[in-house]
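Structure record follows, encoded as structure tokens.
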Amino acid sequence: MIIMSRITVDAFSSLVAEIGKAALEPARWPKVLEQIHVLSGGARIHLVGHEFRETANAHVYVGGYDPQMIADYVDHYCTVNPWLPVFSMLPVGRPTLARAMYSQNKLEKTEFYSDWLRPQGDIVGGGGTVLFRDASRFFVFGGNIARSDCDRLEQGWMDFLGLVTPHLQQALEINRTLAERRLEADAAALSIDATKAAVIALGSDGVLLYANPAAQARLAQRKTLRQDAGKLTLAESGANDRLQQELLALRVSRPGPPLVVELPTPEGPLLCRTVRIQAECCTANYLAFVTGEGMPMLLLVLEPKEKAPLRPCPLNALGMTPGETRVVQMLAQGRTPAQIAELREVSVHTVRNQIKSAMGKAEVSRQSALVAVVLRAQAET
């Protein structure tokens, strides 16, 4: 029985089984795409995407392409591909012909055509579909067909796209779910509830590979975490320096203790901890699509610092308000009034007034003496 002009039901069923295996073992995706290349009769197959849309370097899996041409594409031609902007507007899950995305007359005047498409056999035909496009990920699947083969292969390829798209979407959804569960398990090893904490996976170069909803919310606020050119930084400069040192140690496989640092926020301190994920472990395997093979990762977890059991506070005994207490504690940590104001999202004038009030309650006339009062209070607790 034939499901379309070139593919039998048995062949398609075999492909669906391979896609199912890739759902559980992402390292199988190259084999899936090579199988699709053969079944299509010669279309060049690509699956491109990343689990976090602002990640700078999307990963590319292909079937039937010259590896050097793919390397050139990643290095340069992806930036001049006229089809890519169109994919950002196409309906998710709807197969679209390449010539419907961008006219061939305009295409033939581009560098992308003359230096990348034409040298590969004039692969201007075919089409593709958007598998996912939302706040956290972007995946595209498609095939390029040589101009001379369009009459023979193109309509069958478009029919095939409609059939295989839901299977690919389901498999990638399973990939993601398994990766999230593995990351939660790794976070649990730190005695952390990953359903409430901000959980992030970083490549050894600092590129953001995964962020759970809590982490995405903090990234959007840009107060504790920031992302520039796909790379993560911590807003607190000292903590960020230590994070960069940890990433360097990961890149060169240098052993060392995990990062444990406290990050100040207006709502109270966050505890930031890391754990290394080696390339051969199952978590790295589940995130293989966005990391590539053989790359270690760094798991970064942020959660509110647990409050110690309530005990009488000497500063409270002096009549200081909670706000004044927090300000003078930050002052004792070496922060300036301007830095405290930024962290607490108030004016410097407000901070100075709180410091002045605290000095009066502590019966001291200098900030250095106030800091000494704080340090003695901390020693007593």
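The values are calculated or read from the model by the stated rules, or taken from the named source; none is laboratory data. Given the structure is predicted, the values throughout are model-derived calculations rather than measurements. Every residue, glycine as well, gets a Cβ built from its backbone with ideal geometry; the counts of neighbours run over all protein chains shown. Accessible surface areas use protein heavy atoms only, side chains included; no ligands, DNA or RNA. Shrake-Rupley method; radii C 1.70, N 1.55, O 1.52, S 1.80 Å.
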**Study point:** Cross-link pairs Lys231/Lys305; Lys109/Lys231; Lys31/Lys231 - those with Cα-Cα distance over 32 Å
**Key:** Lys109/Lys231
Review point. Any idea what the dipole of the stretch 71-135 comes to, in debye rounded to 20, about its Cα centre with Lys/Arg Cβ at +1 and Asp/Glu Cβ at -1?
Key: 340
Check your understanding: Hey, with R₀ at 56 Å, roughly what FRET efficiency would Arg366 and Asp228 work out to, going by the Cβ-Cβ distance, to 0.05?
Key -> 0.90
Practice item. Count charges around Ala98 for me, please; just the other residues with Cβ under 15 Å from its Cβ, Lys/Arg as +1, Asp/Glu as -1. Key: +1
Practice item. Would you rank His167, His349, His46 by solvent-accessible area, highest first, keeping every protein chain in place and using a 1.4 Å probe? Key: His349, His167, His46
Practice item. Using a 1.4 angstrom probe on heavy atoms only, work out the carbon and sulfur share of the accessible area of the stretch 331-381 in %. Key: 50
Exercise for review: Return the sequence-ordered ³J(HN,Hα) values of the stretch 236-244 in whole Hz as given by the Karplus equation 6.51 cos²θ - 1.76 cosθ + 1.60 applied to θ = phi - 60°, using x for Gly and Pro.
Suggested key: 7, 4, x, 5, 5, 4, 5, 5, 5
Exercise for review: Heavy atoms only, probe 1.4 angstrom, no DNA, RNA or ligands counted: give me Thr79, Thr110 ranked by accessible area, highest first.
Suggested key: Thr79, Thr110
Review point. Going by the alpha-carbon gyration tensor, a ≥ b ≥ c the square roots of its eigenvalues, is the stretch 97-164 rounded (a/c under 1.5) or, if a/c is not under 1.5, prolate (a/b greater than b/c) versus oblate?
Key: oblate
Exercise for review: Return the subset of Lys196/Lys223; Lys196/Lys361; Lys21/Lys196 for which the Cα-Cα distance in this structure is over 29 Å, preserving the input order.
Suggested key: Lys196/Lys361; Lys21/Lys196
Check your understanding: If you stretched the chain out fully between Asp241 and Thr79, how much longer would it get, using 0.36 nm times the residue separation minus the C-alpha to C-alpha distance?
Key -> 55.2 nm
Revision key, fill the gap. Amide H proximity to Ala235 below 5 Å, modelled H, separation 5+ or other chain, gives Leu225, Arg226
